[in-house]
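Colleague: The structure under discussion is supplied below as structure tokens; questions concerning it will follow.
The values are calculated or read from the model by the stated rules, or taken from the named source; none is laboratory data. This structure is a prediction, so every number in the text was calculated from the model and none was measured. Glycine also receives a Cβ, built like all others from the backbone with ideal geometry; neighbour counts cover every protein chain displayed.
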Amino acid sequence: MKLLLTILVSCFLLAQTSVNYKRDNNAEIVNNKICPVEKNLDFGKQVLPVLVKNCSPCHFPGGKMYERLPFDKDTTIINQGEKILKRIGNSEKNSVIREFILQNKNGLSAISHI
């Protein structure tokens with residue numbers, strides 16, 4: 001009975017350990033810690049849809065703010081990042097924008113939709 005119990009506990013601990021080390025496509029394990037992998041966000045496919053949903057029609061062609069702050073240009077988002085993040089507010093919505101801004105301020109290249 002003790003042997004069976006020992007085997008079950010060992011299997012359980014092994015299963016728990018393997019769950020903790022499961023590899024994610026957006027993370028890697030470094031020194032037993034899960035670290036996010038830098039990914040190059042696509043402005044047109046990932047960032048622009050969030051902006052269109054939250055900032056249309058004003059900041060897009062024909063809108064009253066388009067000439068001053070055109071949100072269909074990645075350079076506007078990079079240069080005005082903090083103000084844009086503040087206006088959108090919701091951290092779930094602005095997380096993609098925040099990542100895009102950080103990747104470009106850290107020297108990663110922007111992938112534009114143009």
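Colleague: Just name the residue that is modelled with the lowest pLDDT out of those in the stretch 48-72 that are surrounded by fewer than 16 Cβ atoms within 10 Å (Cβ to Cβ) and among the charged types (D, E, K, R).
Modeller: This residue is Lys53.
Colleague: Out of the residues in the stretch 92-114 that are modelled with pLDDT of 75 or more and either among the small types (Gly, Ala, Ser) or in contact with a Leu (Cβ under 7 Å, 6 or more places away or on another chain) (or both), state the one that is surrounded by the most Cβ atoms within 10 Å (Cβ to Cβ).
Modeller: Among residues in the stretch 92-114 that are modelled with pLDDT of 75 or more and either among the small types (Gly, Ala, Ser) or in contact with a Leu (Cβ under 7 Å, 6 or more places away or on another chain) (or both), the one surrounded by the most Cβ atoms within 10 Å (Cβ to Cβ) is Phe100.
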